[in-house]
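K.L.:
Can you read through this structure? Questions will come right after.
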Amino acid sequence: MHFGYSEEDESFRQAVRKFFDEQAPADISRRWRVGVHPPARDDIRRWQRILYERGWGAPHWPVEHGGTGWSALRKHIFMEELYNADAMDYGWQSTQMVAPVIIAFGSDWQKKRFLGPILRGDEFWCQGFSEPNAGSDLAGLKTTAVLDGDEYVINGQKIWTSDATIADWGFFLVKTDATVKPQRGISFLLVKMDTPGITVRPIVSIEGGRGLNEVFLENVRVPKSHLVGEAGMGWTYAKYLLEKERTASAFLYFNKRELRRAKDIAAQERVDGLPLIDTPGFARKVAEVEADLLALEWSVLRILAQEKSERNLDAVVSALKISGSEMQQRVTQLQMDALGPRVLRFDDHGAPHDDLSIDENWPDYTGGRTSGYLIARASTIYGGAREVQKNIIAKLAFGL
Ligand SMILES: Cc1cc2nc3c(=O)[nH]c(=O)nc-3n(C[C@H](O)[C@H](O)[C@H](O)COP(=O)(O)OP(=O)(O)OC[C@H]3O[C@@H](n4cnc5c(N)ncnc54)[C@H](O)[C@@H]3O)c2cc1C
């Protein structure tokens, strides 16, 4: 069996690497490395525009909508290099969540209206699914949308809506029929975030970020043409979307980069004159995480290779979500172990973006690590909580 890359793939990698080295703006990458939540809207827009102009705005989309037609392996190489370069990877709600749903189920008008602005970075989206009493039990959502002439009128509340303060648009799950079983009465609506009746209230998270929000909707009027697909089919579209979210939630590229970062830190921190990375105790911890991450990588590569397969991948995708999110917590924990007392450096993620000056009192490699560790605690919750993924595996893989 051959585990290497072909010569063509290697030269593709070099071209991608050169592009990121030369084109990724240093100021955006620095803010991204420190991990400000939410990133500045202008940073997302500027970087997406650069990718778009190179033809790489959404590599995984179908070619007719602006995708690249790359093989799964090339997409993998692209992502590896993006993360190796510490370049920004943001806007998944736009390019990887709502866009695939619009491409698969949207009207011709919706494709024409929404895909171009996403690709160019002109418009950015948030995801309005969860509600105060409907997270894992999403089908129990209570926000309603009632048809009034040519408009839906929405009333209700969403919560944990990432990036609602900076998003131009939101894709919302709403109840349009309360007389049928919950999954059959849900619809998928595209809503402009500055529509009268929408109030967004940030929730400050543990690392000081203001990326999460409550969204209140009071008599919000949305044209009927913003309904994706058929009324009552929103659950099917949401499942399609969440499956994509969970594959991304293996966080492979993030995990590889953060493990590398943990090793870099440990190479610079010293214990009794010896680099920490060379001490047997720490070296063993690194080896354990590294071996498990390699196994995760091969599992992800197997799934990527099967992207056209007919097989139902739901249980496998759930297993990847669990391993990937737990790995996120392990690699960031390793950084904390390596930093020792330097974990006390805390960058307030709520600070204005321009205030993130380099702090001379701390080595540069400490920047953003503690806040990154804290926010990684959420990875086993968002995109479908770990216990719920275990239930899915029990049902689909073992028939329990
Ligand atoms: C950082 C972050 C970003 C997020 N971004 C978004 C976003 O942009 N848009 C959006 O719509 N939502 C978002 N969410 C919400 C996320 O999808 C929900 O938090 C998640 O689905 C869990 O729902 P919940 O918070 O209501 O917890 P609950 O569903 O109340 O779960 C609480 C606990 O009970 C467990 N549990 C629940 N049901 C079962 C069961 N049947 N069996 C066993 N255990 C169970 C869960 O595993 C969990 O441990 C985000 C959440 C976080 C933390």
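K.L.:
Using DSSP to call loops (not H, G, I, E or B), can you name the GluC sites (Glu not before Pro) in segment 14-95 whose Cβ has at most 16 other Cβ atoms within 10 angstrom? Mind showing how you got there, number by number?
P.N.:
Working: sites: 22, 53, 64, 80, 81; in loops: none.
Passing sites in segment 14-95 do not exist.
K.L.:
Another question, if that's okay. Return one number: the angle in degrees, 0 to 90 and rounded to the nearest 10, between the long axis of the Cα atoms of helix 280-305 and the longest principal axis of the Cα atoms of the chain.
P.N.:
40
K.L.:
Pick from 163, 108, 264 the residue whose mean-square fluctuation is largest in a GNM of the chain, springs joining Cα atoms under 10 Å.
P.N.:
Looking only at 163, 108, 264, the largest GNM fluctuation is found for 108.
K.L.:
Strictly greater than 16 Å: what percent of every Cα pair in segment 125-232 meets that? Before the final figure, lay out each step's value.
P.N.:
Details: 3152 of 5778 pairs.
Everything past 16 Å amounts to 55 percent.
K.L.:
Moving on to the next point. Using the Kirkwood radius over Cα pairs, work out the Stokes-Einstein diffusion coefficient for segment 249-398 at 25 °C and 0.890 mPa s, in µm²/s as a whole number. Before the final figure, lay out each step's value.
P.N.:
Numbers: Rh = 17.1 Å.
The estimated diffusion coefficient comes to 144 µm²/s.
K.L.:
Relative contact order for segment 99-208: what is it in percent, counting Cα pairs under 8 Å that are at least 6 residues apart?
P.N.:
Numbers: 150 pairs, mean separation 24.6, N = 110.
Averaging sequence separation for qualifying contacts and normalising by length gives 22 percent for segment 99-208.
K.L.:
Run down the lysines and flag those whose C-alpha is under 24 Å from the C-alpha of residue 395, throwing out any fewer than 8 positions away in its chain.
P.N.:
Output for residue 395: 181, 239, 244, 308, 321.
K.L.:
For the peptides 377-387, 224-234, what is the packing order when you average, over each peptide's residues, the other Cβ atoms within 10 Å and list the highest mean first?
P.N.:
On the way: 377-387: 17.0, 224-234: 18.6.
Answer by packing, highest mean first, reads 224-234, 377-387.
K.L.:
Across 20 Å bins from the origin, how do the percents of Cα pairs in the chain run, short distances first?
P.N.:
Reading the bins upward from 0: 25, 59, 16, 1.
K.L.:
Relative contact order of segment 249-398, please, whole-number percent, based on alpha carbon pairs below 8 angstrom and at least 6 residues apart.
P.N.:
On the way: 139 pairs, mean separation 47.9, N = 150.
Once normalised by length, the contact order is 32 percent.
K.L.:
Also, quick follow-up: Would you list which aspartates and glutamates come within 19 Å of residue 263, measuring only between C-alpha atoms, while excluding same-chain residues fewer than 8 positions from it?
P.N.:
Within the straight-line limit of under 19 Å, residue 263 reaches these aspartates and glutamates: 80, 81, 86, 272, 278, 288, 290, 292, 297, 326, 337, 364.
K.L.:
Hey, which of these cross-link pairs are over 18 Å Cα-Cα: 256/285; 111/224; 192/224; 75/390; 75/256?
P.N.:
Checking Cα-Cα distances, 75/390 exceed 18 Å.
K.L.:
Restricting to DSSP H runs of at least four residues, report the calculated mean residue ellipticity at 222 nm for the chain, -39500 (n - 2.57) per run over all residues, nearest 500 deg cm²/dmol.
P.N.:
Values: 12 runs with 169 residues, N = 400.
It lands at -13500 deg cm²/dmol.
K.L.:
In degrees between 0 and 90, to the nearest 10, how far off the longest principal axis of the chain does helix 7-23 point, with axes built from Cα atoms?
P.N.:
In the chain, helix 7-23 runs at an angle near 80 degrees to the longest axis.
K.L.:
Go through segment 158-170 residue by residue and turn each phi into a ³J(HN,Hα) via Karplus (6.51, -1.76, 1.60, θ = phi - 60°); whole Hz please, and just put x for glycine and proline.
P.N.:
These are the phi-based 3J(HN,Hα) values: 10, 9, 6, 6, 4, 6, 4, 6, 10, 7, 7, 9, x Hz.
K.L.:
Roll a 1.4 angstrom probe over the protein heavy atoms and tell me the percent of accessible area of segment 7-90 that is carbon or sulfur. List each step's numbers first, then the result.
P.N.:
Numbers: 1830 of 3800 Å².
Here carbon and sulfur together make up 48 percent of the probe-accessible area.
K.L.:
On a 0 to 90° scale, report how tilted helix 234-248 is relative to the longest principal axis of the chain, with both axes built from alpha carbons and the result rounded to the nearest 10.
P.N.:
The angle comes out at about 10 degrees.
K.L.:
When the chain is modelled as a GNM with alpha-carbon springs shorter than 10 Å, which of 105, 124, 78 fluctuates the most?
P.N.:
Greatest mean-square fluctuation among the candidates belongs to 105.
K.L.:
Express the accessible area of the chain per residue in Å², computed with a 1.4 Å probe while the remaining protein chains stay in the model. Mind showing how you got there, number by number?
P.N.:
Working: 18980 Å² over 400 residues.
Using a 1.4 Å probe on heavy atoms only, each residue of the chain averages 47 Å².
K.L.:
Given Cα pairs under 8 Å that are at least 6 residues apart, what percent is the relative contact order of the chain?
P.N.:
Values: 633 pairs, mean separation 59.7, N = 400.
Once normalised by length, the contact order is 15 percent.
K.L.:
May I ask you to work out the translational diffusion coefficient for segment 1-88 at 37 °C, viscosity 0.692 mPa s, via Stokes-Einstein with Rh from the Kirkwood sum over Cα pairs, reported in whole µm²/s?
P.N.:
Working: Rh = 14.0 Å.
After rounding, the answer is 234 µm²/s.
The values are calculated or read from the model by the stated rules, or taken from the named source; none is laboratory data. Everything quoted here is computed from the prediction, not taken from an experiment. Note that each Cβ is placed from the backbone with ideal geometry, even for glycine, and that neighbours are counted across all protein chains shown. Calculation scope for accessible area: heavy atoms of the full protein, side chains included, ligands and nucleic acids excluded. Shrake-Rupley method; radii C 1.70, N 1.55, O 1.52, S 1.80 Å.
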